[in-house]
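Report on the structure given below.
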Amino acid sequence: MTQNNQINVEGTTQSNWRAETISLHAGYDANEHNRSAALPIYQTASYLFDDASHGADLFNLAKEGYIYTRTGNPTLDILEKRLAALEGGVGAVTFATGMSAIDAAISTIAQSGDHILASKEIYGGTHNFFKEVLPARGITTEHFPIDDLAQLESLIKSNTKLIFIESISNPSTRVADIPKISRIAKQYGIVLIVDNTVASPVGINAIELGADILVHSLTKYIGGHGNTLGGVVIDSGRFNWQAYPEKYPTLSTPSQAYHGIVFNDYFKELAYIVKVRTSALRSSGAALSPHSAFLLAQGLETLSLRYERISDNALKIVNFLNTHEKVKSVNHPSLNAHPDHAIATQYLKYKGAPGIISFELNASSHQISAFYNHLNLFLRLVNIGDNKSLAAIPAQTTHRQLNEAELKLAGISPGLVRLSIGIEHADDLIDDLKQAFAHAFIEAPSKSFAKVV
Ligand SMILES: Cc1ncc(COP(=O)(O)O)c(C=O)c1O
């Protein structure tokens, strides 16, 4: 602390800080920003060169510095440092959305002729990306059930470049056994990419458990306010790219865009994440805006508090749904009956309780729609991780492009309802569910009654 104010101007990330502290302070030195206590928004497209050689050095990647906000910006940089510190990574690159982060994480290492293994239980948008976009680039994907690691191993081929999983799947809430999947990936020298969106950095330490690369949709728990899109790729720095030069040629062969630099030789453990920025981000142009970075960083400040409250609320709502006569089944890893309860108990923090709950009703499709239509407090929309509680019917919305067989494999029945629990009072949320149930299962009016009205 300095003598004349209360802000931390002395350093950046302290290695012993806990998640709560990292979320507020990591990556920021107020002395470098006119002693501004709050994160400044650098609303600029470009940055000045000292002279011609400075510009050339920056473009040659010979000097560190900002060139143009599409590839880097000080506001984004602080958010990136904070997220990398929170997840225990060596570096991070933010993106305009979670989907563009997923695209970049994959396209940095997978090329035409390559093969990907992805779990079946993933977000519908990611599923579509594997099914529609990657084949057009000559990349094929095969899916395995998240709990069938023998099948995962049997599907590995010589051209398999990466395994993609969600630590907690959206919406089926399957919990991946990251250490076991990581062991298989390591045995075959394959990168493990984990989408940690639903767990959030405070729900699961995915890198500690064995993930090589993480992606997040920042739109969800990290932003937390349902008002800003964003994504991030975080590199653990642990994958030994140099050991597999033929498998990952984008990092081991001279880069035409950067005067023959070999990323592995030049950037060592940072090779992958520098390539994400200087190739995928530079070319896709899917940069996060500085104002969005500010809003997401503001959300991040309260992530731990919000996640704790969300977990507590989720447990109460799971308990309510699980004992309701009209509910056929509830998917939530806190339940003994959940197939991944033991894994969740071992690896999930905050009582093993993520904020996503999905459930099926003993009801006709008409009654399911009536239940959904009568929700007042739960917002009817497609998003997760908002402070406000949300409800969606995935088969009709987020996973609409999947055919019947794919829906079944992803654990999504036509009447599955997904709730994203927020930070309201749990009793108010339960009251809202109660009145929606009452409307959905109301006795049909008798004919004589119908006549009178
Ligand atoms: C698990 C998961 N990953 C990625 C995404 C994509 O994120 P975005 O909407 O920010 O592109 C989503 C969106 O719902 C998601 O749920």
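Some notes on this structure:
- R0 of 25 Å, Cβ-Cβ distance GLU153-VAL90: FRET efficiency to nearest 0.05: 0.30
- Mean separation of Cα pairs under 8 Å and 6 or more residues apart, divided by the residue count, gives the stretch 303-447 a relative contact order of 27 percent.
- The Rg/Rh ratio for the chain is 1.01, where Rg is the radius of gyration of the alpha carbons and Rh is the Kirkwood radius.
- Going by neighbour counts of Cβ atoms within 10 Å, the residues LEU83, LEU303 line up, fewest first, as LEU303, LEU83.
- Loop-located GluC sites (Glu not before Pro) in the stretch 49-91 whose Cβ has at most 14 other Cβ within 10 Å (DSSP): GLU64
- Stretchable slack from GLU132 to ALA38, in nm (0.36 nm times residue separation minus alpha-carbon distance): 29.6 nm
- Of the chymotrypsin sites (Phe, Trp or Tyr not before Pro) found in the stretch 60-161, no site is in coil according to DSSP while having at most 11 other Cβ atoms within 10 Å of its Cβ.
- In the structure shown, the pairs LYS131/LYS388; LYS81/LYS316; LYS220/LYS351; LYS180/LYS326; LYS408/LYS434 are assessed against 30 Å; a Cα-Cα span above that value is assigned to LYS131/LYS388; LYS81/LYS316; LYS180/LYS326.
- Exposure proxy for THR94, THR44: other Cβ atoms within 10 Å of each Cβ, ordered fewest to most, give THR44, THR94.
- Taking amide H positions as modeled 1.01 Å from N, with prolines and chain starts lacking one, the residues under 5 Å from SER329 and 5 or more places away or on another chain are GLU360.
- Each semi-axis of the equivalent ellipsoid for the stretch 161-319 is √(5λ) with λ an eigenvalue of the Cα gyration tensor; in descending order they amount to 31, 21, 11 Å.
- Applying a DSSP loop filter and a limit of 15 other Cβ atoms within 10 Å to the GluC sites (Glu not before Pro) in the stretch 262-342 leaves GLU325.
- For the stretch 103-215, the relative contact order works out to 26 percent when only alpha carbon pairs closer than 8 Å and six or more residues apart are counted.
- Eligible aspartates and glutamates near LYS328 by straight Cα distance, threshold 16 Å, same-chain separation 8 or greater: GLU360
- Estimated translational diffusion coefficient (Stokes-Einstein, Kirkwood radius over Cα pairs, 37 °C, 0.692 mPa s) of the stretch 303-447: 209 µm² per second.
- The stretch 44-62 and the stretch 337-410 have their alpha-carbon centroids 48 Å apart.
- Alpha carbon centroid spacing (whole Å) that separates the stretch 163-179 from the stretch 70-87: 25 Å
- Each Cα pair under 8 Å and six or more residues apart adds its sequence gap; the mean of these over the residue count of the chain is a relative contact order of 16 percent.
Bear in mind that the values in this text are calculations on the coordinates, not laboratory data. Everything numeric here is computed off the predicted structure, so don't read it as measured data. Every residue, glycine as well, gets a Cβ built from its backbone with ideal geometry; the counts of neighbours run over all protein chains shown.
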